[in-house]
Each structure stands twice: as structure tokens, then as C-alpha cells.
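Report on the following structure.
Just so you know, all these numbers are worked out from the coordinates, no wet-lab data involved. None of the values given here were measured: they were computed from a predicted structure. We place every Cβ from the backbone using ideal geometry, glycine too, and count neighbours over all the protein chains shown.
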Amino acid sequence: MSLIREACVETKEQVDVALAHNAEQIELCSRLDVGGLTPDDDLLTYALNKSNNVLMMVRNEDSYFITPNNALTLVNVINKYVDTNVKGFVFGYLTKENKVDSATIKMFVDAAKDKETIFHMAFDSLQDPKAGIDELVKLGVTRTLTKGGSGVAINNLAKLKELQAYANGRIELIVGGSVTDDNYQRIASETGISKFHGRKLAYK
């Protein structure tokens, strides 16, 4: 099983470190202190000049809920970059009932065209994660980020394995939640998941 480490970064220096340490993929954000927001044009241009494996966070406030007007604002962000070498777009929005905000996600997936689409850690706030997987598959989302519930991924191995079995190849899972260079291989061996996301992957 080929393992993919996705380094979550927010500066040019972190981009350089991740690539120097052979990160297979980069998720580019700003404001990781609030869970990640859309990176600015300068940082995105820098990263895209360095790699064709850059995913872009599409989020402009610290919330898993979004208004229709703000959703349109973020669709315009996707439209701006969809014809560049951005590999994909990362987003995730919920309804007040903690279900997938299907109308918003469909708009984002449609705007992303044939790029990868990743539902971020909002997944772990879903009322019913398995129903969430079904809905994301229906909407055409490529992948979802999860730590398998609350806490950190390494403590949720049984749940991650269960979700991986339920997804059954219909959508890819990528594990986040304090995933590091020191524990991602154990998570892989115990869950069957091959993609990992974190601030401490390929970072030293």
C-alpha cells in the first residue's frame, strides 16, 4: 500500500520544508490557528510554482456553517483558480442539524470541475458519519478528512477502520488529528487507510 503524506502548511517556509522532506501532497491554508482559511494569492502562487500537488483551502471564517451569499463568494474563489494547476479544493459545510450542507457542497463540487474535492474536518461533527459518507459520495466529493470522532486519530483506530470499511472505495478517507511522522504508519497498518494529513508530516 502506497502511503500519501499531506503536509498542512501556511507559510512559504513550510512549503519549502515539506517539499524538501518529500511530502507527497500539500494542503495550503492561512490561519491554521482557527482550523485553516483560504491562503492569499502570493502564497498560493509561490506554492503552485513549486509543486503540482497543492490542495487549496476554501474557507473564509471559523465556522462549519455558511450563508448563501458567502457560499457564492467562495464559489468565486474556486472559479478563480480552477483553471490553474491547483490539484483540488478543500471545504466542508454543515446544516444546523449537523448534516452535510448538500446545496453548498454541490455548488463547490460543480465549480471545481474535474479537480479533487475534499470535505474537511467538519466531517467529524456530522450527526451520522456513515450517512455523511453516503451523501458525499452522492455529491461527487473525492475525499473526506477525519480523525474518526473526537480526540486524536491514534485513539480512534477502531472507528477509522469501521469508516474505511463502510466507505468501501466509494470515497477516500484521509486521516488527520495529530497525525505525525511518528504515527501515520501505525494508523495505516491498523485501519487500511493510505492517506494522512497533518502539520507534523514531512516537517523536519
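Things worth noting here:
- Kirkwood Rh in Å, taken over the range 59-164 so that all alpha-carbon pairs contribute: 14.2 Å
- Over the range 90-130, equivalent-ellipsoid semi-axes from the Cα gyration tensor in Å: 19, 11, 7
- Amide N of the range 83-98 lying under 14 Å from the label point, which is placed 7 angstrom from the Cα of Asn52 along Cα→Cβ: 84-88
- Given charges at beta-carbon only (K, R positive; D, E negative), |dipole| of the chain in Debye: 380 debye
- Over 31 Å apart at the Cα level, from the set Lys106/Lys204; Lys106/Lys195; Lys87/Lys130; Lys50/Lys159; Lys138/Lys161, are Lys106/Lys204; Lys50/Lys159.
- The charge dipole of the range 92-175, taken about the Cα centre with unit charges on the Cβ atoms of Lys, Arg (+1) and Asp, Glu (-1), comes to about 80 debye, rounded to the nearest 20.
- The trypsin sites (Lys or Arg not before Pro) found in the range 1-38 that occupy coil by DSSP, while having at most 16 further C-beta atoms within 10 Å, are Arg31.
- Approximate spin-label separation Glu162-Asp40, in nm, with each point projected 7 Å along Cα-to-Cβ: 4.4 nm
- With helices as the sole contributors, the chain gives -11000 deg cm²/dmol at 222 nm; each DSSP H run of n ≥ 4 counts as -39500 (n - 2.57), and the sum is divided by every residue.
- Here the chain carries DSSP beta bridges of which approximately 5% are antiparallel, counting only pairs with both residues inside.
- Long-range tail of P(r) for the range 106-188 (Cα pairs > 15 Å, %): 55 percent
- Ranked by the mean number of other Cβ atoms within 10 Å per residue, highest first, peptides 37-47, 109-119 order as 109-119, 37-47.
- Cα centroids of the range 135-160 and the range 1-54: 21 Å apart.
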